[in-house]
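Comments concern the structure below.
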Amino acid sequence: MEAALRPPVVDTTAFGWARRRLFATPVDTIVTLCFGAVVVWVALRIVDWTLISALWSLEDGQTCRDAAGACWAVIEARGRLILFGLYPYEEHWRSTLACLAIVATMALSCVPWFWSLKRLPALWIGGFVTFVVLMHGGVFGLSVVTTEQWGGLSLTVFIFCSVAVIGMPMSIGLALARRSKLPVVRHVTSVFIDLFRSVPLLTILFTAAVVIPLTVPDWAQGDKLGRVIFAFAIFFACYQAEIIRSGMQAIPPGQEEAAAALGMKYWSRVFDILLPQAFRNSLPATINQFVITFKETSIVTIIGFFEIMASANAAVGTGEWGAQYVEVYFFVGAVYFLFVFGLSRYGAYLEKRARLTHA
Amino acid sequence: MPDPVIQLIGVTKSFGPIQVLRGIDLKVGLGEKVVICGQSGSGKSTTIRCINRLEAHDGGRIIVDGVELTDDLDALDEIRREVGMVFQRFNLFPHLTVRENCALPQIRVRGTSRADAEANAMAQLDRMRIADQAAKHPDELSGGQQQRVAIARALCMEPKIMLFDEPTSALDPEMIGEVLDCMVGLARGGMTMVCVTHEMGFARSVADRVVFMGDGMILEAATPDDFFERPQAQETKDFLSKIMAH
Ligand SMILES: Nc1ncnc2c1ncn2[C@@H]1O[C@H](COP(=O)(O)OP(=O)(O)OP(=O)(O)O)[C@@H](O)[C@H]1O
Ligand SMILES: [Mg+2]
């Protein structure tokens, strides 16, 4: 009797945990050992290839063929091409600063202090003006570099940030229009959204880059990069609008009624009550959309822009480094990972913050 | 009767093919407390939601504080500033703290400075004896506490008239008392109140008039004494015997 009442003894050490979870039965033990062996073998191979047997720079007369593992010398030799594309060599410092400016702008937009209708636009305008002045030049004695010469990481980050910054307000507008009380507005918006969502992104970008110059008078065309970004932003906004709308639908109708009963006007109800809750409700889907958009920027290669994937291809396109494509893609992959992982972590931070503030 | 601040004259309202209000006539004087009761689905909520136009009536006239309710949005804003409302489900804003729930509407609607709005918020929360919870978010409070915050939030707008739509029916029994106490305090202070409730004790002690609705019409309107002791309509008698049986 007394023995039955005693609490079960649980060995809480790591050894105890392993015994319970990994080696409880003979089958468990076999599975654990097999998978353990595979994991260790793969990890060792990767470490060996990337670090131990890798060649970091080439001495006189050495070539990458001498490397038993990765030959990182390719990054030293071609890194600038990957990161800056066709941007003039002597002006790379401008591209670097511009890239830092836009990344800083995005990082600051993530800080809650900036989340107001005055601060956020001010921050964005400041960030984008800095970027364009640095990249394009033509003022302050900087030489002009046209958008055709922009490239590499700066271009990728610029396209992504512009699409996000133009697309987000647009998506809010579309989401609100789609739940408008006026049937005309509602229906036109929903046809617009469905139209853009049902066409592949490539087609839209191609239209913006190639078809519009054929049909629209010169003065109304604007810059090719500008057109492509704008078209991309509309595409982004159509998806994001539906995400925001789903976040709004999850809000009980009593919220808007209470705000209305207090005398709050439409815009105040939207910006103070509905949108903050809608964003919280749709946070995971929104982060998802951002991650997809970041990776999709590489599609602009096809219409002749030299973003980081294209410049990476160019870097291994010459015979000299042709065999080092694994190292180069590894490097580009690491750059993508840095940005996307950062985005995901920020999303996780926001979700935690939303939970802490109970909504 | 003192000057009516709320006048409903032959008000009708349909949802699609179903007519839910079939000619409501009701006058509420300044400082008067009116309790509305009746069967579920009889149109009580719809009636008081018409008073601040959360629902638009489609026949008859509604005049609140001298202003007729029409599609005119400016008039509507004016009326909503004068009329506070408390809902069955509290409807506090979950992403804002209790203090911010009370302060933000003042800032947005009345253009009050933040400092004044927060001071007023704390004063009203204190009046509802809930000031110690000001820094919390609504979902950290009990139902009774949330409803008292909702009353404080409405009072922050300094309304002339308060509408209550079953303010205690979503509450656990032990919390009903604290909310009713606050409402009694408000009534003693002279507020004009229109209150949909089945709390007959509250109706008896506070109401100047009890209005009984059935099937989209007012079947009986009387002082609490007459209403409870000498009900006229058969529906009222049935309703009272059912309520009292509990
Ligand atoms: N938005 C709506 N759309 C369609 N019908 C509605 C709507 N709101 C209310 N009704 C209908 O109108 C009638 C009156 O509803 P109302 O909410 O006014 O009743 P009530 O007296 O408040 O009932 P309860 O005691 O259950 O709250 C009901 O038959 C209800 O189904
Ligand atoms: Mg009701």
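The rows are residues; the columns are (1) touching a helix residue (DSSP H, G or I) at 6+ places or on another chain (Cβ under 8 Å); (2) within 16 Å of ligand 1 (Cβ to nearest atom); (3) farther than 24 Å from residue B:110 by Cα.
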position: B:152; (1), (2), (3): yes, no, no
position: B:157; (1), (2), (3): yes, no, no
position: B:162; (1), (2), (3): yes, no, no
position: B:167; (1), (2), (3): yes, yes, yes
position: B:172; (1), (2), (3): yes, no, yes
position: B:183; (1), (2), (3): yes, no, yes
position: B:189; (1), (2), (3): no, no, no
position: B:200; (1), (2), (3): yes, yes, yes
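Name the single residue that is farthest from ligand 1 (Cβ to nearest atom) among those in segment B:62-73 being surrounded by fewer than 22 Cβ atoms within 10 Å (Cβ to Cβ) and within 30 Å of residue B:189 (Cβ to Cβ).
Selected residue: B:66.
Please indicate, with yes or no, whether at least one residue in segment B:51-58 is in contact with a Cys (Cβ under 6 Å, 6 or more places away or on another chain), more than 13 Å from chain A (Cβ to nearest Cβ) and more than 14 Å from residue A:262 (Cβ to Cβ).
Yes, that holds for at least one residue.
Find the helices (runs of 4 or more DSSP H) located wholly in segment A:1-104 whose residues include 3 or more that are surrounded by 14 or more Cβ atoms within 10 Å (Cβ to Cβ), and list them.
So the answer is A:73-84.
Go over the candidates A:189, A:207 one by one and state the one that is modelled with pLDDT under 90, of a type in the set (S, T, N, Q) and not in a loop (DSSP other than H, G, I, E, B).
A:207
Which of the residues spanning segment A:261-303 are in contact with a strand residue (DSSP E or B) (Cβ under 9 Å, 6 or more places away or on another chain), in a helix (DSSP H, G or I) and facing chain B (nearest Cβ under 7 Å)?
A:261
Can you find a residue that is closer than 20 Å to residue A:151 by Cβ, in contact with a helix residue (DSSP H, G or I) (Cβ under 8 Å, 6 or more places away or on another chain) and buried (at least 19 other Cβ atoms within 10 Å of the Cβ) anywhere in segment A:286-294?
Yes, segment A:286-294 has at least one match.
Could you tell me how many of the residues in segment B:43-54 are within 9 Å of ligand 2 (Cβ to nearest atom) and farther than 11 Å from residue B:165 by Cβ?
Of the residues in segment B:43-54, 1 are within 9 Å of ligand 2 (Cβ to nearest atom) and farther than 11 Å from residue B:165 by Cβ.
Scanning for something touching a residue at least 40 places away in the same chain (Cβ under 8 Å), assigned by TED's automatic domain parsing to the domain that holds residue A:93 and of a type in the set (Ser, Thr, Tyr), does segment A:124-142 turn up at least one residue?
Checked segment A:124-142: no residue is touching a residue at least 40 places away in the same chain (Cβ under 8 Å), assigned by TED's automatic domain parsing to the domain that holds residue A:93 and of a type in the set (Ser, Thr, Tyr).
Quick check, is residue B:152 among the aliphatic types (A, V, I, L, M), within 22 Å of residue B:174 (Cα to Cα) and within 18 Å of the chain's Cα centre (by Cα)?
So residue B:152 passes the test.
Of all the residues that make up segment B:87-126, how many are out of contact with any Leu (no Cβ under 7 Å at 6 or more places or on another chain) and closer than 26 Å to residue B:51 by Cβ?
Final tally of qualifying residues: 18.
Residue B:168 is checked against (1) within 13 Å of chain A (Cβ to nearest Cβ); (2) assigned to a loop (DSSP other than H, G, I, E, B); (3) under 12 Å from the mean Cα position of the chain (by Cα) and fails just one. What number does that condition carry?
In the conditions (1) within 13 Å of chain A (Cβ to nearest Cβ); (2) assigned to a loop (DSSP other than H, G, I, E, B); (3) under 12 Å from the mean Cα position of the chain (by Cα), residue B:168 misses (1) alone.
Any residue that is away from ligand 1 (no atom under 12 Å from the Cβ), crowded, with 16+ Cβ neighbours inside 10 Å, of a type outside the set (S, T, N, Q) and assigned to a loop (DSSP other than H, G, I, E, B) - is there at least one of those in segment B:33-54?
Checking segment B:33-54: at least one residue is away from ligand 1 (no atom under 12 Å from the Cβ), crowded, with 16+ Cβ neighbours inside 10 Å, of a type outside the set (S, T, N, Q) and assigned to a loop (DSSP other than H, G, I, E, B).
Considering only residues that are closer than 20 Å to residue B:165 by Cβ and in a loop (DSSP other than H, G, I, E, B), look in segment B:55-79 and name the one that is nearest to ligand 2 (Cβ to nearest atom).
Here the residue is B:55.
Cβ-Cβ distance below 7 Å, separation of 6 or more or different chains: which pairs start in segment B:38-63 with a residue that is within 16 Å of residue B:10 (Cα to Cα) and end on one that is part of a loop (DSSP other than H, G, I, E, B) and within 12 Å of ligand 2 (Cβ to nearest atom)?
Between residues of segment B:38-63 that are within 16 Å of residue B:10 (Cα to Cα) and residues that are part of a loop (DSSP other than H, G, I, E, B) and within 12 Å of ligand 2 (Cβ to nearest atom), the close pairs are B:46/B:55; B:49/B:55.
Which count do you get for residues in segment B:1-28 that are closer than 23 Å to residue B:222 by Cβ and either away from ligand 1 (no atom under 16 Å from the Cβ) or touching an Asp or Glu at 6+ places or on another chain (Cβ under 7 Å) (or both)?
Number satisfying all stated conditions: 13.
Can you report the number of residues in segment A:259-279 which are touching a residue at least 12 places away in the same chain (Cβ under 8 Å) and either polar (S, T, N, Q) or over 20 Å from residue A:351 (Cα atoms) (or both)?
Adding up the residues that qualify gives 4.
Taking residue B:127 as meeting all but one of (1) within 16 Å of ligand 1 (Cβ to nearest atom); (2) under 30 Å from residue B:204 (Cα atoms); (3) surrounded by fewer than 22 Cβ atoms within 10 Å (Cβ to Cβ), write down the number of the exception.
For residue B:127, the failing item is (1).
From the residues in segment B:218-232 that are aliphatic (A, V, I, L, M) and away from ligand 2 (no atom under 16 Å from the Cβ), which one is farthest from residue B:46 (Cα to Cα)?
The qualifying residue farthest from residue B:46 (Cα to Cα) is B:222.
Counting only residues that are of a type in the set (Lys, Arg), facing chain A (nearest Cβ under 10 Å) and more than 16 Å from ligand 1 (Cβ to nearest atom), which one in segment B:74-107 is surrounded by the fewest Cβ atoms within 10 Å (Cβ to Cβ)?
The selected residue is B:81.
List every residue pair whose Cβ atoms sit under 7 Å apart, with the two residues 6 or more apart in sequence or on different chains, where the first one lies in segment B:67-90 and is more than 18 Å from residue A:253 (Cβ to Cβ) and of a type in the set (A, V, I, L, M, F, W, C) and the second, anywhere, is within 16 Å of ligand 1 (Cβ to nearest atom) and not in a helix (DSSP H, G or I).
So the pair list comes out as B:69/B:53; B:69/B:62; B:76/B:53; B:79/B:52; B:83/B:52; B:83/B:163.
The values are calculated or read from the model by the stated rules, or taken from the named source; none is laboratory data. Computed from a predicted model, the values in this text were never measured in an experiment. No Cβ is skipped: glycine too gets one built from the backbone with ideal geometry, and neighbour counts run over all protein chains shown.
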